[in-house]
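Quick notes on the structure that follows.
Rule-based calculations on the coordinates, nothing more; no lab input. None of these values were measured; they are calculated from a predicted model. Every residue, glycine among them, receives a Cβ derived from its backbone with ideal geometry; neighbour counts consider all protein chains shown.
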Amino acid sequence: MRHDLFFDVAHLLAGGLVLMSFLMLYQDRLYALINVFAGHAIVLTLSVAWQAYVQDAPHLYVTAFIALGFKAIIIPIALHRIVERLGIHREIETVLNIGLTMLGGIGLVALSVVVMLRVAPGGDPLAREDLAFALSVVLLGLLMMVSRRNAVSQVIGFMSLENGLILAATGAKGMPLVVEISVAFSVLIAFIVIGIFLFRIRERFDTVDIQALDSFRGEIE
Amino acid sequence: MDLIQPLIVQGAQMFLALALAPALIGFVRKVKAQLLRRRGPPILQPYRDLIRLLRKDVVLADNASWLFRAAPYMVFAGTWVAAALVPTFASGLMFSWSADLVAIIALLGSARFFLALAGLDVGTSFGGIGSSREVMIASLAEPALIVIVFTMALLAGSTQLSTIASFMASNDVGIRISLGMALIALLIVALAENARIPVDNPATHLELTMVHEAMVLEYSGRHLALMEFAAWLQLLLYLSLIGCMFAPWGLTTASTNPGGYLVGLAAYILKLIAGGMVLGLFEVVIAKMRVFRVPEFVGVALMLALLATLLRYVSSSQ
Amino acid sequence: MTLIALLWCIAAWLGLSVFAVVVARTAIVGTIVYAACLAIGMLGLSAGLEHLIAATAPAETIILPLGLPWLGANFRLDNLSAFFVLVVDLGAATASLYALGYGRHESEQHRVLPFYPAFLAAMNLVVLADDAFTFLVSWELMSLVSWALVVAHHHDRENIRAGYVYLLMASFGTVALLLAFGLLAGPEGSYAFAELRLHPPSETLAAAVLALTIVGTGSKAGLIPLHVWLPLAHPAAPSHVSALMSGVMTKVAVYAFIRIVFTFLGPPQWWWALPVLIAGAASAVIGVLYALNQSDLKKLLAYSTIDNIGVIFIGLGLALAFQTNALGAAAALAMAAALLHVFNHALFKSLLFFGAGAVLTSTGERNLERLGGLIHTMPVTAFLFLLASMAICALPPLNGFVSEWLTFQAVLISPQLPQWSLRLIVPAVGAMLALAAALTAACFVKAFGFAFLGRPRSDVAKRAVETDTFSLAGMFSLGALCLFIGILPGFVIDRLAPVTQFLLSARLPVQADVPWLSIIPISEGRSSYNGLLVFLFILISSLGAVLVIHTFASRKVRRSAAWDCGFPDPRPVTQYSADSFVQPLRRVYGTLVFLAREKVQMPTPGEMSPARFTVTMQDLAWRLIYSPIVHAVEFSAERLNVLQFMTIRRYLALVFSALIFLLIVLASWT
């Protein structure tokens, strides 16, 4: 019974992360997107902390703490400031419309569920579902990156993808501490660095682009 | 004897729905007013409005047809029958087997069908815009609702609302992410179907925002009273539905002693109060959406419901 | 005995056709033909019903010395064909009754009358045929005769084009079926159905036959993407024929599908359900989306037929899926849902086309943008059309709801399926079904609301009068049946049991035993529905409300101008138009499905030109499938053009080389 409760909560949190990914796909305002991303990170923190408690693995608390500090607090605040300072258009430009993107998202979740069931047919069904959730979060992050034009939302897609990786890593029991921490850190830092680089570049191009459009419209009149 | 008691309970639920619906809407209005630091009309105001409207003459547009005059009764009857089949304080009602959850949704669909037709009958531009938007919203909300029913039915192994309620009240449910998704989807659908704030604003007469109000614009007197009453009943129905599926605590089964009924009734009223407060709070803090943002919003409900069903299918493989 | 009676009916219809050819131009002949058709139809109807009610009646067979000399013309009446005879002849009888009145307004009577009885005979023949030859000949007769009816009004260029496309698609479908039967029979097999039943084909061959059958019958039934002819051809015919084509002929195609897939192919493979389910779900949603965007009332109805055929095929796909996995009761449920929908759709779609026909004779208009307000001048037609609209929208307590409800119940059993892909696809199909149902409601709010409600949008709509008594009688009988089945569905479901027993060796629980006349498809704890009680509840509560309010409150009515927020405009143009009604829906769904684009051209201030609003939509089926085929055909025709200008010697060489080639093939054939 107690085990059931442990599992149920972990399952709920993992599913909650998928839900948050969907909420991110649904947003069409930058600020709202950043806030939902912070929520995404908080759910991840809770999930990791719960795993730490259940598996009695104190090192996971470190991972949780990193997730909370960086992703739920520092990065969202920084992004808020940048968006404000650079005066980026606050509406997100989507390549596909939102309904279609979400429909694609459903398809991806279905796909990851099937893949997980095929890959590990004999395993514990509940663990498989958790892995399926993690894979879904990764795929949804990728979907977000390809379906958005704005650089900021692409970075957020990147990082939510990485949240999925962390979810998968913490769910798997028995991974050595060193490996786990180093994976977590290197992935984290690599993605942040790449993300910021990408962000700077894309960001510049995009703003230039939009301003050019505006002035073009002005000239015609 | 064993026929009379269930009959009384069924009848009591039917009339309880009628009696409580205006109070619920009055309560929601009061909560909203208080949150905005206004005093607000008394909770009993909707009853007075009803009586006032019922006493007035009907002013019919010149070219209104028989359908226009019949529609309020059809809308009211459809909603009321649907509301009477949702367990409020006791499950396992006498007639609950006559229509399962799918049929209840379809009954609401009948009511909406007549409502949308009534909006078109007089041939005004406002009625048309209301009907047009109503069917647009419903075209997403109704499938979402059906898919939510799929999720619940897969879990409980039944589409009978009483069975679902007693299953949810039992201990072997556990925390399920698909249930959470279904709940969020149901909340979105409830907001959309009851013309509450992010989708429609029930308190305005501004043509850009209104959906439900636009359809009933040409109604007056007792017809308007019935239309309003039906809308209030529908809100009560959705709260009862959420209550009996996701918070089935205190729901008595039909065969217990009278004391059980009292407990059930108290629990039900508490649930309504809680629901009304949450709704009022939500409406105060959220802004109305653009019309073409609504399909995305309701579309989210459909997607979540679909995802929940998908996960149920996966989990049921164990 | 019953079979002989039915064959006599067919003979009588064919004789009637010949009679009509001879005397087609006299005025009274229309009444005679339709009255005779009605009588024969009633006879056929009672024969079919009798066979179905006597649930244990053995299959009857007859071999007539016609057709292929070594085969003869085989006919057979088993439970499946009895059910479809019922559907066909019910449609035939009501259409003939309706045509007694409607036919008088027919301008091209001599082009309709000779073909009409032959059409009824051909549909009966298809359903009764018991060998591939008779089946295909009857099928082709059905296609040709209905083609003749489609082009009856040949002065309209649209109709000629519709007839052309129809003829092409019908021939294509027949070729597919021909190949299917060829594969089934094998090199030395027999074409008698009795032989085909005994020797199911091998697994790969069965798959090929399945594909050909879906194409062949789907093109007749209107499955997407083989639907393109249907919305052109069905509305072009006179309305009673449209009703038959939409309500009945598509069902004959469904019959052919069931006959081939469920009785000839042997035990199904699990993946067979996939293409059927996907085609069904796509047809359901896309069909109704098309219907929504039509302003032509009859076109709208034709597109909605595609939607309903989709619903039927969803049921058939589920039945296949359950049958593979030996879930007999579930398969029976899905099959019963599909069959009930076949019957229901025949009822309400015929009624809707009759209503559209009444509007057409009364106003000469099918365009919703020029109708309106007919509820005042044609109240009975309006009421019956409303009833049928409610039925097709699956609103309780009418019959459409019962079949949709059963289909939903069948969807909900699908977690018992062991195959993963089926499990993932079935809930999606269920969601599509729900989406189609909700969109159908929107579609028929539009159809009824803009044809019958509001203010008249043209002079002809203002001058409309109620249609004649025969037409009303035809419509009324169908409307009464819709209500009856909706209220007491258990009776009809019990009548379907012999059919599911025959096809799947399983049946639903006996509904007549259920107390209170409810229906319980699986078990009592799982789901039940009681149309009678729901109907009574609605009746009592609405009448009670009327009574209470009129007694204790007010019953006064004042008439006045419409309020319309204080700015009423007497011009009917200011009403909402049918096109604006669907604009939000088009924006939500159309941008994806039809690549719909809206363009607004606003004149700059001071300029006097009008503002323009244009919508462009594309039919993807045409663009992606048919246009490339047309181009390929044109291209190859262009290349083959040289063949027309050769010397005789070269022609002979061509023929000679073809002969040699065939001989070589024959020599190398093992």
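A Förster radius of 60 Å combined with the Cβ-Cβ distance from C:Ser171 to A:Asp8 puts the calculated FRET efficiency at roughly 0.50.
Can you classify the range C:625-668 as rounded, prolate or oblate using the Cα gyration tensor, where a ≥ b ≥ c are the square roots of its eigenvalues, rounded means a/c under 1.5, and otherwise it's prolate if a/b beats b/c and oblate if not? Cα axes put the range C:625-668 in the oblate bin. Applying both filters, DSSP loop and at most 11 other Cβ atoms within 10 Å, to the chymotrypsin sites (Phe, Trp or Tyr not before Pro) of the range C:571-670 gives C:Trp669. Projecting label points 7 angstrom from Cα along Cα→Cβ for C:Glu50 and C:Leu539 puts them 3.3 nm apart. Considering only DSSP beta bridges whose two residues both sit in the protein assembly as shown, what percent are antiparallel, to the nearest 5? The antiparallel fraction comes to roughly 75 percent. Axis of helix B:45-55 versus longest Cα principal axis of chain B: the two differ by about 50°, to the nearest ten degrees.
When chain B is described by a simple charge dipole with +1 on each Lys and Arg Cβ and -1 on each Asp and Glu Cβ, the residue from B:Ser98, B:His223, B:Leu50 located farthest towards its positive end is B:Leu50. Sparsely packed loop sites in the range C:58-149 (the chymotrypsin sites (Phe, Trp or Tyr not before Pro) outside DSSP H, G, I, E and B with at most 15 other Cβ atoms within 10 Å) comprise C:Trp70. Rounded to the nearest 500, what is the 222 nm mean residue ellipticity of the protein assembly as shown from helices alone, with -39500 (n - 2.57) per DSSP H run of 4+ residues and division by all residues? After summing the helix terms and dividing by the residues of the protein assembly as shown, the value is -23500 deg cm²/dmol. Placing a pseudo-label 7 Å from each Cα along the Cα-to-Cβ vector at C:Glu638 and C:Trp420 gives an inter-label distance of 4.8 nm. So what does log10 I(q)/I(0) come out to for chain C at q = 0.05, 0.06, 0.08 Å⁻¹, using the Debye formula with one equal point on every Cα and no solvent? Once normalised to I(0) and log-transformed, intensities are -0.25, -0.36, -0.63. Compared with the alpha-carbon gap, the fully stretched path from C:Leu66 to C:Arg587 is longer by 181.9 nm at 0.36 nm per residue. Amide H to amide H, with H built 1.01 Å from N, A:Arg148 comes under 5 Å of A:Val95, counting only residues 5 or more places away or on other chains. Placing a label point 7 Å from the Cα of C:Ala207 along the Cα-to-Cβ direction, the residues of the range C:254-296 with a backbone N closer than 14 Å are C:269-275. Residues in the range C:215-229 near a label at C:Leu178, defined as backbone nitrogen under 18 Å from the 7 Å Cα→Cβ point? Residues C:215-220 fall inside that zone. Taking amide H positions as modeled 1.01 Å from N, with prolines and chain starts lacking one, the residues under 5 Å from C:Asp131 and 5 or more places away or on another chain are C:Asn74, C:Phe193.
A run of chain C free of exposed loop cleavage sites, with GluC sites (Glu not before Pro) counted only in DSSP states other than H, G, I, E and B and at most 11 other beta carbons within 10 Å, reaches its longest extent at C:189-606. Angle of helix B:125-156 to the longest C-alpha principal axis of chain B, folded into 0 to 90 degrees and rounded to 10: 0°. Rounded to the nearest Hz, the phi-derived 3J(HN,Hα) couplings of the range B:233-245 under the Karplus curve 6.51 cos²θ - 1.76 cosθ + 1.60 (θ = phi - 60°) are 4, 5, 4, 4, 4, 5, 5, 4, 5, 4, x, 7, 8, where x marks glycine and proline.
Taking amide hydrogens as placed 1.01 Å from N in the peptide plane, the amide H of B:Ser91 sits under 5 Å from those of B:Thr252, B:Thr253, B:Ala254, each at least 5 positions away in sequence or on another chain.
Helix B:66-84 and the longest principal axis of the Cα set of chain B meet at an angle near 20°. The distance between label points at C:Glu188 and A:His80 comes to 8.6 nm (points 7 Å beyond Cα on the Cα→Cβ vector).
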